[in-house]
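Just so it is clear, none of the values below were taken in a lab; they were calculated from the coordinates. Please read all numbers here as calculations on a predicted model, not as lab measurements. We place every Cβ from the backbone using ideal geometry, glycine too, and count neighbours over all the protein chains shown.
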Amino acid sequence: MKRRSFLHLAATAAALPFAPRFARAQAYPAHPIRLIVGFPAGGQVDITARLAAQWLGNALGQTVVVENKPGAGGNLGAQAVINAAPDGYTLFFAAASNTVNTTLFADLPYDFARDTAPVGTINRIPLVLEVNPTFAAQNVAGFVAYAKANPGRLSVGSPSAGTPPYLCVELLKMMAGIDIVHVPYVGENQMVTDLLGAQLMAGVGGISSGIGHIKAGKLRALGVTTAAPVAELPGVPTIGDTIPGFEASGWSGVVAPKNTPQEIIDKLAAAIGTIQADPKFKERLSDFGAPLFALSPEAFGKFIVEETAKWGKVVKFAGLKPQ
């Protein structure tokens, strides 16, 4: 065999093991992608998931369909993705609650950090203490004073167990030394509805679900839970201004089932990077009160581990149990 022919055959043979992987990466995505959300429609996580799905679909050249699987603080949605085929066609819009649940729920059939493949973060979720305008307190100090003057009489709502707003209510009870009735809801949308109708006087939720009502004067924001004020609610102080050291926020990001091929993870991560680099996407997130938060798959994986440890300490310290 001539040397040139031999070298050509050798090169072709060496490339064969990589050919299917290359073809798979080139073909993906060949049909619509499911993006599962672990909460009902209308809440903070759902709103940002639908926005991200629309823009990701454009970046990938394929439809990304949002599917809501609410229940158990996001656990049902997470398990559906963890049990799905690792082919990139079933993704999960993860939230901080998924790292909280690792400690909050004693008998989870999965380990979120171990059994998912991180793709990339999308946004931060600042939270807000909001009240019906008929409520007497005009600020956080007034809220604390009212709660202390009326122990066990003030009901404060939050989304379901395991969510950052849920933990924020417990932190508020603990750090302010107040006796309030914590009312967890199945979804954030119903909590806002009850706030608007004065069936509930106070609640902690994501800015996205309440910002329109706050700007319209139908709800009053007493304080944000972040360490610094947020641009989306100008003039609203932090809760930490009144209760030193109080700080918490949520986040959202995309994960895939464990063992999803790296080339698919890379393609999805690149698409997330593309939409996050678009000023219009950043502006749309800001409109919903959800500032951009960008991490690579590797950094996101480390972040999930760190968040799991942080919230685990809070859950154990407060002795929280799922509702």
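Brief remarks follow.
- Of 230, 112, 28, farthest towards positive along the dipole that unit charges on Lys, Arg, Asp, Glu beta carbons give the chain: 28
- Per-residue 3J(HN,Hα) values for the range 98-113, derived from phi via the Karplus relation 6.51 cos²θ - 1.76 cosθ + 1.60 with θ = phi - 60°, read 5, 7, 5, 4, 4, 9, 5, 9, 6, 10, 5, x, 8, 10, 4, 5 Hz in sequence order (x marks Gly and Pro).
- Value at 222 nm in deg cm²/dmol, rounded to 500, when DSSP H runs of n ≥ 4 in the chain each add -39,500 (n - 2.57): -14000 deg cm²/dmol
- Between 0 and 90 degrees, the angle of helix 3-15 with respect to the longest Cα principal axis of the chain falls at about 30 degrees.
- For residue 96, net neighbour charge (Lys/Arg +1, Asp/Glu -1) across residues whose Cβ lies under 11 Å away: +1
- Angle of helix 297-318 to the longest C-alpha principal axis of the chain, folded into 0 to 90 degrees and rounded to 10: 30°.
- Per-bin percent of Cα-Cα distances, the range 127-241 [10 Å]: 15, 53, 31, 1
- Placing +1 on the Cβ of every Lys and Arg and -1 on the Cβ of every Asp and Glu, with nothing else charged, gives the chain a dipole about its Cα centre of roughly 780 debye.
- A simple count of charges around residue 77, restricted to other residues whose Cβ falls under 10 Å of its Cβ and scoring Lys, Arg +1 and Asp, Glu -1, yields 0.
- Added length on full extension, which subtracts the Cα-Cα distance from 0.36 nm per residue, residue 198 to residue 218: 6.2 nm
- In whole angstrom, the range 95-142 maps to an equivalent ellipsoid with semi-axes of 35, 16, 7, each derived as √(5λ) from the alpha carbon gyration tensor and ordered largest first.
- Based on C-alpha pairs under 8 angstrom that are at least 6 apart in sequence, the chain has a relative contact order of 26 percent.
- Amide proton proximity set for residue 223, modelled H, under 5 Å, gap of 5+: 129
- Cut-off 16 Å, label 7 Å out along Cα→Cβ of residue 54, residues of the range 250-277 by amide N: 275-276
- Label point distance in nm, residue 277-residue 228, each placed 7 Å from Cα along Cα→Cβ: 2.5
- Other-chain or far-sequence residues with amide H under 5 Å of residue 33's (modelled H): 63, 64, 65
- Springs between Cα atoms under 10 Å define the GNM used for the chain, and in it the highest mean-square fluctuation of 191, 201, 174 occurs at 174.
- Divide the volume of the convex hull around the Cα atoms of the chain by the residue count and you get 138 Å³ per residue.
- Packing, taken as the mean count of other beta carbons within 10 Å per residue, orders the peptides 290-303, 40-53 from highest to lowest as 40-53, 290-303.
- Between the range 47-102 and the range 296-317, the alpha-carbon center distance in angstrom: 19
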